[in-house]
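Before any comments, here is the structure.
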Amino acid sequence: QVQLVESGGALVQAGGSLRLSCAASGRTFSGYVMGWFRQAPGNEREFVASISWSGGNTVYADSVKGRFTISRDNAKNTLYLQMNSLKPEDTAVYYCAARVGGLSSAGDRYLYWGQGTQVTVFS
C-alpha cells in the first residue's frame, strides 16, 4: 500500500505559479505510475497529468499542456506539479494518485489517492 500526502496549495493571482508536492510512503514509490487530478466545486474529477515510473514519459490534459509540468524524484519519494500561468479556471482541489501499469488519464484506474490540496486562483 502507498500513502500519499499533497502539499503546496495556496491562493495565487492569475498569471502566477505554484508547485505542488506529493510525498509518498509505504511500498516502493518508483514502482508506480503517478498522476495528478483536480476537482472544482460542482464539477467531476478531472485528469491533469500522469508520469511513468521512470519519469521518462508524461501525458497532459489539453487544458494544462504547456503550462503545467509533472515530475518525480524517486530518491525522495516525491511527485511534483509545477503550475505556471495559472488561470481562475485552474481553481480546484488537486489530488495525487498512484497506479500499477501504464500511463492513464482514467481516475478509476488509480489505486491510491491523497487527501488533496486546495489551489485558488483569483483574477
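The values are calculated or read from the model by the stated rules, or taken from the named source; none is laboratory data. Being a predicted model, the structure only gives us computed values, none of them experimental. For neighbour counting, all protein chains shown are included, and Cβ atoms are generated from backbone atoms with ideal geometry for every residue, glycine included. Please note that ligands, DNA and RNA were not included when accessible areas were found on the heavy atoms of the full protein model with its side chains. Shrake-Rupley method; radii C 1.70, N 1.55, O 1.52, S 1.80 Å.
For region 53-103, max minus min Cα coordinate along each principal axis, in Å, sorted largest first?
Each principal axis gives a Cα extent; for region 53-103 these are 32, 20, 16 Å.
According to a simple spin-label model (label point 7 Å from Cα along Cα-to-Cβ), what is the distance in nm between Glu46 and Asp73?
Label at Asp73, label at Glu46, 2.9 nm between them.
Over the chain, what is the mean sequence separation of C-alpha contacts under 8 Å (at least six apart), divided by residue count, expressed as relative contact order in percent? The partial results should precede the final answer.
On the way: 312 pairs, mean separation 45.0, N = 123.
For the chain, the relative contact order is 37 percent.
Could you state the number of Å between the C-alpha centres of region 37-53 and region 1-26?
Rounded to whole Å, the Cα centres lie 13 Å apart.
Treating only the Cβ atoms of Lys and Arg (+1) and Asp and Glu (-1) as charged, compute the dipole magnitude of the chain about its Cα centre; round to the nearest 20 debye. Could the numbers behind the result be given before it?
Details: 11 positive and 8 negative charges, 55 e Å.
For the chain, the charge dipole is close to 260 debye.
Using the Karplus curve 6.51 cos²θ - 1.76 cosθ + 1.60 with θ = phi - 60°, work out ³J(HN,Hα) for each residue of region 21-29 in order, rounded to whole Hz, and write x for Gly and Pro.
Once θ is set to phi - 60°, the couplings for region 21-29 become 10, 9, 8, 10, 9, x, 6, 4, 4 Hz.
What are the semi-axes of the equivalent ellipsoid for the chain, taken as the square roots of 5 times the Cα gyration tensor eigenvalues, largest first, in whole Å? Display every interim value, and only then the final one.
Details: eigenvalues 101, 38, 37 Å².
Value: 22, 14, 14 Å, ordered largest first.
How about region 17-107: which trypsin sites (Lys or Arg not before Pro) there lie in a loop by DSSP and see at most 16 other Cβ atoms within 10 Å?
Numbers: sites: Arg19, Arg27, Arg38, Arg45, Lys65, Arg67, Arg72, Lys76, Arg99; in loops: Arg27, Arg45, Lys65, Arg67, Lys76.
Answer in residue order: Arg27, Arg45, Lys65, Arg67, Lys76.
Could you work out Rg/(2.2 N^0.38 Å) for region 23-67, with Rg from alpha carbons only?
Working: Rg = 12.5 Å, N = 45, 2.2 N^0.38 = 9.3 Å.
After normalising by residue count via 2.2 N^0.38 Å, the value is 1.34.
Sorted by accessible area (1.4 Å probe), largest first, how do Leu111, Leu18 line up? Could the numbers behind the result be given before it?
On the way: Leu111 110, Leu18 25 Å².
So the residues, ranked largest to smallest area, are Leu111, Leu18.
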